[in-house]
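The structure under discussion appears below in the form of structure tokens.
The values are calculated or read from the model by the stated rules, or taken from the named source; none is laboratory data. Predicted, not measured: the structure shown is a model, and the values here were computed from it. Glycine also receives a Cβ, built like all others from the backbone with ideal geometry; neighbour counts cover every protein chain displayed. For accessibility, only protein heavy atoms count, side chains too; no ligands or nucleic acids. Shrake-Rupley method; radii C 1.70, N 1.55, O 1.52, S 1.80 Å.
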Amino acid sequence: MKFKDFNNYGFKYIYLSFSLILCFWAISLFELFMIASNSLEQTNIGVLLGYKFLNDFWAGMGIALLCFPLYLLFFFIKKPIGNILIKVLFCLTIIGQFSLIKYHLTTLVNLGADFLGYSLDDMYTTVTASESMSFVYFLPFMFFPLLFFGINYGLNKFTNERQIFASAIILVIVFGSSKMIFAESTETVYQNKMYYLGADIFRYQQEKSLMNAYDLSGRNDYPMLRSFQDSKDVLSPFFNIQVQKPNIVFIIVEGLGAEFVGENAYRGFTPYLDSLISKSLYWENFVSNGGRTFGALPSLLGSLPYGETGFLELNPLPSHFSLISVLKANDYTTSFYGGDNSSFDRKINFLEYNGIDYVIDQDKFGTGYVKTKENSGGFSWGYPDAEIFKKTLSELDHKKQPRLDIIATLTNHEPFDFPSKKVYLTKVDSILNSNQLFGVEKDEIRNYKDIFACLLYTDKSIEDFMKAYAERPEYNNTIFIITGDHRLIPITQKDKLCRFHVPFYVFSPMLKKPEKFKSVSSHWDVTPSLLSFLMNNYKFNKLKETSWMSQGLDTAKQFRNIHKIPLMRYKGAVNDYIYKDYFYADGELFKINENFGMNKVTEPELLQTVSDSLLEFKKLNAYLTKRNKIFPDSLNIYTQPAVQFAKEQLATIATLTKGLNYDQTFMVARDLAFEKKYKNARLLCDYILNELPNYADVRTLKGRTYAWEGDYEHAEKELLNVIKRSPFYEDSYLAIMDLYWWSNQDEKSIGILKKAFENGIENPDISFKLAQAYQRMDNLNNANKIMDSILLVYPDKEEFITFKKSLK
């Protein structure tokens with residue numbers, strides 16, 4: 001009887017396992033339908049289907065084998081619970097597989113260990129930007145689990161144990177032999193998405209363990225430290241040097257891959273950038289060091305290592321310096337302009353560590369600027385490219401020269417939406433209907449019309465900015481550096497290298513003549529060459545030592561590569577590597593040609609050499625970032641580290657914040673402040689601000705606690721900092737006006753109200769506080785004028801009426 005029970009219990013599991021595999025196949029059919037209908041990938045659909053079914057089968061079998069011991073355990077405890085538990089687990093697996101398919105259809109890459117490199121907030125932001133959330137959107141997430149139950153019901157009703165057992169044996173033999181015969185079926189594009197996620201996380205954790213096991217204790221040196229004199233000035237021969245230090249403008253274009261400019265495959269939709277090639281120093285074979293935006297700032301501006309999941313994710317940041325901090329130390333005004341939230345990817349933390357003077361993000365645009373409309377889920381990335389450039393131009397007159405202006409565009413990213421989109425879609429149609437020749441089929445461009453319209457819009461935004469800047473008096477003494485942060489992802493990539501292939505321009509009226517270079521360089525090379533040029537030709541406080549990951553741009557006109565360039569495809573994965581004229585990716589080796597195409601090669605000895613070289617970099621990367629060995633603190637006069645906490649403070653923070661997110665921690669800090677436990681309240685504020693420097697509520701609370709203690713100097717500093725960071729946040733104005741009342745500095749309230757009005761804030765409470773300040777200063781005339789204007793709008797508010805009467 002016991003054996004019969006076990007037999008029945010076991011066959012139920014086989015039915016559930018087959019149902020899981022059949023659901024995987026159904027999801028793969030959905031994926032192939034979407035690929036075919038949207039022409040998302042150029043591949044043989046029949047081969048893709050066969051290999052996907054093969055990998056889905058083994059992924060399902062693997063999951064079933066992993067879960068079987070748990071199912072078996074409940075045979076001896078309570079059988080119905082085991083059955084229910086496995087059904088729940090398999091349903092969650094199916095939802096996970098479908099979610100990963102959706103991710104792949106949006107990004108054209110599989111989600112892997114980069115999953116570990118993003119916070120939940122960052123993932124939510126990215127997903128909601130790419131997808132419009134609605135009831136229809138969630139229907140497939142309900143359909144496939146229901147399909148699982150339907151298949152399981154059908155197998156139980158219409159098949160018997162002998163049939164299902166025989167089918168299992170046949171499928172194992174067929175798919176087992178197929179796995180051995182068709183070696184190419186293991187390629188990433190054919191992998192089951194759940195398997196790929198699990199395998200990649202396992203690989204990442206193994207690699208992490210290897211790096212952790214790497215003995216760092218026997219050394220205490222700074223391996224990248226070298227004399228500044230080792231950095232060659234390769235740019236001077238191309239420039240007419242002027243007396244005054246030049247202004248530097250970086251334009252970092254979201255998603256701008258080299259395939260979209262010049263005569264490359266997707267040409268025709270960046271006419272202004274195309275025209276700039278013949279007027280610039282232009283590197284044809286240039287690469288970004290990261291496959292996503294997180295890699296751009298530290299590589300381009302600091303020539304910095306990657307850390308475990310990207311340099312920006314290191315907390316605290318290791319001692320380093322960058323172009324920002326060095327130029328600021330040499331009297332440059334430094335500014336960053338972006339249309340999104342500067343806390344995303346922890347950009348703000350890097351910028352502020354390096355002492356940037358101004359960060360203009362979505363919280364500082366104000367009225368007069370059009371934000372990208374929200375999708376159905378209520379998400380918007382922020383302000384589109386034309387608005388970012390417009391905001392930049394409006395700020396330049398107020399900033400002392402020389403300037404470093406860093407502009408990061410935004411629009412060329414999912415969901416590829418922007419104002420006047422219809423106009424640019426029409427322009428795409430016009431281009432397609434012209435006699436213009438393209439490097440790809442027109443149908444492929446039509447399938448991605450939104451993206452090509454976006455490229456046209458971004459190109460026009462850059463053109464308008466450059467034309468407006470050309471009217472400025474400092475134009476003739478300005479150097480413009482234009483590059484992509486990485487190649488945009490949703491359009492099919494011809495190979496693994498093209499994701500990193502981006503254009504790189506150095507344009508300036510100071511150039512003697514334009515020049516093209518076929519030599520390979522990367523974002524790592526920009527800051528070393530730019531600082532060498534500036535310090536060689538202008539009055540600068542000279543750097544004595546540097547710690548750059550590369551030594552500068554190669555200006556050879558012929559194709560060659562003198563650099564070793566590890567590439568971080570996504571957070572947590574340094575598996576791509578440019579070594580001489582070879583490209584290494586995921587254990588395979590490719591030969592790069594002068595047009596930056598590549599062919600797979602089989603050279604085992606060279607493959608081992610390249611693999612070993614990449615492993616040495618990974619060890620070096622771990623040592624530099626885990627041991628804070630990039631640049632000595634004792635030599636670092638350039639940067640502003642975040643607040644460092646003592647052990648006792650860390651223990652207090654851990655106790656007060658256990659299980660809480662930053663918003664919940666703020667509420668704890670507020671309660672502590674109301675209880676007059678100001679020290680701990682500020683400790684929690686500093687803890688939050690270390691991660692989120694622009695959290696206005698937190699910084700305002702910190703300022704208020706100083707004011708409540710009577711430390712008006714620190715209170716004023718914090719509250720003015722809030723207004724600088726978040727000029728449209730009303731509570732900071734109210735808080736600082738209270739401060740000026742308590743500290744007998746009422747005359748300063750006049751300037752605060754003026755600043756509030758300049759920023760379009762019309763809160764009557766701010767005006768009311770100024771009227772009270774005028775009363776305290778015995779200026780009843782101005783107090784009456786303000787109250788009269790307030791009462792015209794709020795004639796029935798008792799507090800205002802009572803105060804007005806008191807002014808007689």
Of the candidates GLY597, GLY587, the one satisfying the condition of being closer than 24 Å to MET211 by Cβ and either surrounded by fewer than 15 Cβ atoms within 10 Å (Cβ to Cβ) or in contact with a His (Cβ under 8 Å, 6 or more places away or on another chain) (or both) is GLY587
| message | On the basis of being part of a helix (DSSP H, G or I) and surrounded by 11 or more Cβ atoms within 10 Å (Cβ to Cβ), does LEU620 make the cut? | response | yes
From the option list THR655, THR625, single residue qualifying as β-branched (Val, Ile, Thr) and open to solvent by 70 Å² or more (accessible area, probe 1.4 Å) is THR655
Going through the range 628-652 in order, the residues found to be surrounded by 15 or more Cβ atoms within 10 Å (Cβ to Cβ) and either without any contact (Cβ under 8 Å) to a residue 12 or more places away in the chain or within 16 Å of MET549 (Cα to Cα) (or both) are ASN628, LYS629, ILE630, PHE631
By residue number, the members of the range 435-473 that are touching a residue at least 24 places away in the same chain (Cβ under 8 Å), surrounded by fewer than 19 Cβ atoms within 10 Å (Cβ to Cβ) and over 20 Å from ILE251 (Cα atoms) are GLN436, PHE438, GLY439, VAL440, ASP443, GLU444, ASN447, LYS449, ASP450
So, first residue more than 10 Å from PHE98 (Cα to Cα) and open to solvent by less than 40 Å² (accessible area, probe 1.4 Å) in the range 139-152, second residue in a helix (DSSP H, G or I) and of a type outside the set (A, V, I, L, M, F, W, C), Cβ within less than 7 Å, six or more apart or across chains; the pairs are PHE148/SER19; ILE151/SER19; ASN152/TYR15; ASN152/SER19
Filtering the range 533-553 down to residues that are buried (at least 21 other Cβ atoms within 10 Å of the Cβ) and part of a loop (DSSP other than H, G, I, E, B) yields SER547, TRP548, MET549, SER550, GLY552, LEU553
* Asked: For LEU432, are the conditions met, namely being without any contact (Cβ under 8 Å) to a residue 40 or more places away in the chain and open to solvent by less than 50 Å² (accessible area, probe 1.4 Å)?
  -> yes
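Being modelled with pLDDT under 90 and not in a helix (DSSP H, G or I): is that true of GLY760 here? Outline the logic, then answer.
Details: modelled with pLDDT under 90: yes; not in a helix (DSSP H, G or I): yes.
Taking the combined requirement at face value, the residue satisfies it.
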| Would a scan of the range 386-397 turn up a residue that is open to solvent by less than 30 Å² (accessible area, probe 1.4 Å), farther than 30 Å from ARG627 by Cβ, touching a residue at least 60 places away in the same chain (Cβ under 8 Å) and not in a helix (DSSP H, G or I)? | no
Note: among THR367, THR334, just one is open to solvent by 10 Å² or more (accessible area, probe 1.4 Å) and among the polar types (S, T, N, Q), namely THR367
When ASP746 is run through (1) touching a residue at least 12 places away in the same chain (Cβ under 8 Å); (2) in a helix (DSSP H, G or I), the failure sits at (2)
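Criterion first (among the polar types (S, T, N, Q) and touching a residue at least 60 places away in the same chain (Cβ under 8 Å)) does THR372 satisfy it?
no
Condition check ((1) assigned to a helix (DSSP H, G or I); (2) more than 17 Å from LEU147 (Cβ to Cβ); (3) β-branched (Val, Ile, Thr)) across all residues:
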site: CYS67; (1), (2), (3): yes, yes, no
site: ILE77; (1), (2), (3): no, yes, yes
site: LEU85; (1), (2), (3): yes, yes, no
site: LEU92; (1), (2), (3): yes, no, no
site: ILE95; (1), (2), (3): yes, no, yes
Note on the range 56-97: residues under 23 Å from VAL174 (Cβ atoms), open to solvent by 30 Å² or more (accessible area, probe 1.4 Å) and within 33 Å of the chain's Cα centre (by Cα) are ILE63
